[in-house]
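Report on one structure; see the data block that follows.
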Amino acid sequence: MKVIAAFLLAKLAGNENPTSDDLKKIFESVGAEIDETKIDLLFSLIKDHDVTELIAVGREKMAALSSGGPAVAMVAAGGGGGATTANEPVAETKKKVEEVKEESSDGDGMMGLFD
């Protein structure tokens, strides 16, 4: 991840075509360990691609992984029966949390960490 960050930092600084030497200089400037195999791997993977296009593709993939996408749509489409069974474990969990709160006591009248 730090190799990618250094590459993007070099691009942000105005270097349109950063080299491995540029990344090494960035690592040296902050005292970070230089892993030449990871630097070489990065350059081999992005050699024929535009970085802005790669970022756009990555954003699309991350959007597909967002929580609340297909799973929420499936529960909503399932109707009342599916929603009721989905809420039952939540109610049981709330009861358990309340029981744990009632059981915990600090004894000295001071507030507990989670009260």
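Each reported figure results from applying straightforward, stated rules to the coordinates on display, with no laboratory input. Note that the structure is a prediction, hence the values are computed from the model and not measured. Virtual Cβ from ideal backbone geometry, glycine too; neighbours counted across all protein chains shown.
Quick check on the exposure proxy: order 21, 48 from fewest to most C-beta atoms within 10 angstrom.
Ascending Cβ contact count within 10 Å gives the list 48, 21.
Starting at the first residue of region 6-19, write each ³J(HN,Hα) from the Karplus equation 6.51 cos²θ - 1.76 cosθ + 1.60 with θ = phi - 60°, in whole Hz, x for Gly and Pro.
5, 4, 5, 5, 5, 5, 5, 6, x, 7, 5, 10, x, 10
If Lys and Arg each add +1 and Asp and Glu each add -1, what is the summed charge of the other residues whose beta carbon sits under 15 Å from the beta carbon of residue 66?
Summing Lys and Arg as +1 and Asp and Glu as -1 gives +1.
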